[in-house]
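K.L.:
Just passing along the structure, written as structure tokens.
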Amino acid sequence: MLIVPERDIAKLLTRKAAFEAVEKVFASMAKGAARNFPVVREAIGHEDALFGFKGGFDRAGMTLGLKAGGYWPHNMAAHGVINHQSTVVLFDPDTGRLRAMVGGNLLTALRTAAASAVSIKHLARPDAAVLGMIGAGHQAAFQLRAALEQRDLVKVIGWNRNPEKLAGLEAVAAEAGVAFETVDLDGMGEADVIITITSSFAPILEHGHVSPGTHVACMGTDTRGKQEVDPGLLARASVFTDQVAQSVSIGEAQHAVGQGLISEAEIGELGAVINKTLPGRTTDDQITLFDGTGVGLQDLAVAASVVEMAVDQGLAIEVAL
Ligand code: NAD
């Protein structure tokens with residue numbers, strides 16, 4: 001059995017490798033070659049934490065396993081460690097024997113940022129120039145870095161509940177030589193792409209805040225009850241997701257579908273757009289919305305590629321079973 005500890009992930013997984021692994025696994029899912037198992041995500045009644053398991057099997061990549069972990073909202077303030085904590089466990093699909101344990105914290109941030117970046121690649125207007133960021137927590141800087149690689153952006157505009165936290169995003173934009181401006185939600189109308197990455201349980205982005213032609217990547221809602229955008233926005237948009245079953249149960253679409261504003265059948269898989277079996281954006285003034293719920297296969301794909309690189313570079317720790 002191999003261990004790749006959290007401390008080594010940054011040396012191994014690049015944004016490019018994460019993007020490629022996620023794009024490939026979304027495509028495999030849409031072809032039916034890879035399957036996610038139902039997600040378990042529970043409030044544990046301690047530290048306000050949400051804990052769960054996301055697993056799956058990718059027959060094409062022969063990757064079987066799960067990510068165990070969740071979200072501890074007080075971690076940073078109380079313990080000085082990030083709020084998301086997770087570990088990926090991989091098994092040998094031929095025997096069920098334990099194959100590897102991989103630190104999942106940085107993997108989660110990179111694979112989540114890769115998912116919205118894949119959605120931008122396939123759904124945003126080619127001439128998108130202004131990116132709107134809603135949220136400025138741990139994930140936001142990863143999201144911004146990955147998005148900056150997808151289009152020739154000239155400006156980033158940001159909104160956060162505590163605007164002073166936007167300084168971190170401003171620094172990332174500055175590194176890339178892109179202007180940054182703090183805006184109120186009405187100012188989001190200037191954005192060609194908007195990423196929402198908050199832990200909100202009530203809509204922040206109203207449909208009147210979004211201009212025609214915008215691509216919105218909703219990345220924060222991954223649990224029943226969470227919500228970042230007005231369900232009316234989904235009714236107005238062409239809606240895509242990583243996986244429809246998750247989108248309607250734990251994703252942003254749970255609200256629009258629950259209120260009868262859109263039907264499950266109207267939600268398309270991003271993988272099908274990648275495979276060109278489903279049209280993505282068809283007009284310049286269409287609003288496209290990606291409901292990125294986060295699937296276990298994303299974690300397994302990046303973890304498997306990390307294990308391969310760790311073995312090649314002599315960084316994998318071998319433990320006898
Ligand atoms: P974090 O705790 O570091 O930051 C939380 C952010 O949400 C901050 O910007 C905070 O101001 C904002 N926020 C919290 N409550 C809010 C409210 N009621 N109204 C407006 N803003 C609010 O968290 P993080 O690590 O950056 O993660 C952000 C979210 O992304 C979490 O909800 C997490 O579960 C989710 N997430 C989703 C995926 C996925 O695959 N879809 C993966 C990782 C994380």
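K.L.:
Condition first: of a type outside the set (Val, Ile, Thr) and closer than 30 Å to ALA191 by Cβ. Can you find one or more residues in region 304-317 that meet it?
P.N.:
Within region 304-317 (the criterion being of a type outside the set (Val, Ile, Thr) and closer than 30 Å to ALA191 by Cβ), the answer is no, since none of the residues qualifies.
K.L.:
Please go through region 115-150 and pick out each residue that is open to solvent by less than 30 Å² (accessible area, probe 1.4 Å) and near the ligand (Cβ under 10 Å from one of its atoms).
P.N.:
ALA115, SER116, MET133, ILE134, GLY135, ALA136, GLN139, ALA140, ALA141, GLN143
K.L.:
Could you check region 87-101 and list, in sequence order, the residues that are within 16 Å of the ligand (Cβ to nearest atom) and touching a residue at least 40 places away in the same chain (Cβ under 8 Å)?
P.N.:
Matches in region 87-101: VAL88 only.
K.L.:
OK, next. Consider region 167-201. How many of its residues are without any contact (Cβ under 8 Å) to a residue 40 or more places away in the chain, closer than 21 Å to THR221 by Cβ and buried (at least 17 other Cβ atoms within 10 Å of the Cβ)?
P.N.:
The total comes to 2.
K.L.:
Restricting to region 154-166, give me the number of residues that are over 20 Å from the mean Cα position of the chain (by Cα), of a type in the set (A, V, I, L, M) and either within 16 Å of the ligand (Cβ to nearest atom) or open to solvent by less than 70 Å² (accessible area, probe 1.4 Å) (or both).
P.N.:
0
K.L.:
Could you tell me whether any residue of region 55-69 is in contact with a His (Cβ under 7 Å, 6 or more places away or on another chain), open to solvent by 20 Å² or more (accessible area, probe 1.4 Å) and farther than 30 Å from VAL156 by Cβ?
P.N.:
No, that holds for no residue.
The values are calculated or read from the model by the stated rules, or taken from the named source; none is laboratory data. Please read these numbers as outputs of a predicted model, since none were measured by experiment. Neighbour counts run over all protein chains shown; Cβ positions are idealised from the backbone, glycine included. Areas reflect the complete protein model, heavy atoms only, side chains present, ligands, DNA and RNA absent. Shrake-Rupley method; radii C 1.70, N 1.55, O 1.52, S 1.80 Å.
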